[in-house]
Amino acid sequence: NGINVVKVMPESAVKFGSYEAAKRTVAKFEGHDDPRKISSTSQFIAGGVAGMISQAVVYPLDTLKFRMQCETVAGGEHGNKLIWHTAQKMWQRNGIVAFYRGLPMGLAGMFPYAAIDLFLFETFKKRIVARNMKLKGIKHEEDALPGNFTLALMGGCSGALGASVVYPVNLLRTRLQSQGTALHPPTYTGIMDVTRRTLANEGWKGLFKGLTPNLLKVVPAVSITYVMYENTKKAMNLH
């Protein structure tokens, strides 16, 4: 879990920071300075780009985490010793390449996931703010923001849909990352090989294996992240 915490902290910071920067950049291309008024297409692209940047930054840690999970067996190494030996084994086999195995597929899956997730969340937020302003006669958007429960619900819905859409890509990417380990012995020559063998051995259903437990993890995680993100922005007077 320590590796996951170390990964999530910079990943979330880079994703949201890149997203806000991308929205400001796009706003300038559209001829104005308000990132809240960019077009839906620009907002979708900004979210996807932010997701790809964050994925690229933390990808080595992501790969190490998956390989550690697959190397953890009863009576085997644990803790810092497992982290060190797993990283050492990866370096000895393929050098730096081992830490980036499956990166193209990871980026291909992250773009639509982050784009859908951030786009839907922003869309939900805008509609709720507009509704609150109309029903309650509020003049300023900052006073019509949704509460924490609504933020969590919005984040859970957007995260669940995004994760479901790209799950097959993430499953294949995970198999590339964890190949040759104790719990996933098969090895692959690349993206096409892992796709072909997964379909041949498990059919189309194999591409969605483990979707339910993944959503049980994603929904609360994304919900909490958005609640913290929006409250932090509000506390720092950022819009």
Leading residue by the ranking (farthest from Glu11 (Cα to Cα)) among those in the range 111-164 that are hydrophobic (A, V, I, L, M, F, W, C) and not in a helix (DSSP H, G or I)
Ile138
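Residues checked against (1) modelled with pLDDT of 95 or more; (2) within 23 Å of Thr41 (Cα to Cα); (3) among the hydroxyl-bearing types (Ser, Thr, Tyr):
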residue: Asn132; (1), (2), (3): no, no, no
residue: Gly137; (1), (2), (3): no, no, no
residue: Gly155; (1), (2), (3): yes, yes, no
residue: Leu172; (1), (2), (3): no, no, no
residue: Thr198; (1), (2), (3): no, no, yes
Only one of Thr195, Thr181, Thr189 is in contact with a helix residue (DSSP H, G or I) (Cβ under 9 Å, 6 or more places away or on another chain), assigned to a loop (DSSP other than H, G, I, E, B) and not hydrophobic (A, V, I, L, M, F, W, C). Can you tell me which?
Thr181
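Quick grid of which residues meet (1) exposed (fewer than 14 other Cβ atoms within 10 Å of the Cβ); (2) closer than 19 Å to Gly190 by Cα:
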{"residue": "Phe16", "(1), (2)": "no, no"}
{"residue": "Thr25", "(1), (2)": "no, no"}
{"residue": "Asp33", "(1), (2)": "yes, no"}
{"residue": "Thr41", "(1), (2)": "yes, no"}
{"residue": "Gly47", "(1), (2)": "no, no"}
{"residue": "Val58", "(1), (2)": "no, no"}
{"residue": "Leu82", "(1), (2)": "no, no"}
{"residue": "Trp91", "(1), (2)": "yes, yes"}
{"residue": "Phe99", "(1), (2)": "no, yes"}
Taking the range 109-137 and keeping residues exposed (fewer than 15 other Cβ atoms within 10 Å of the Cβ), under 27 Å from Gly162 (Cα atoms) and either among the small types (Gly, Ala, Ser) or in contact with a Gly (Cβ under 7 Å, 6 or more places away or on another chain) (or both) leaves Ala130
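The values are calculated or read from the model by the stated rules, or taken from the named source; none is laboratory data. These numbers come from a predicted model, not from an experiment. So basically every Cβ, Gly included, is an ideal-geometry build from the backbone, and we count neighbours across all protein chains shown.
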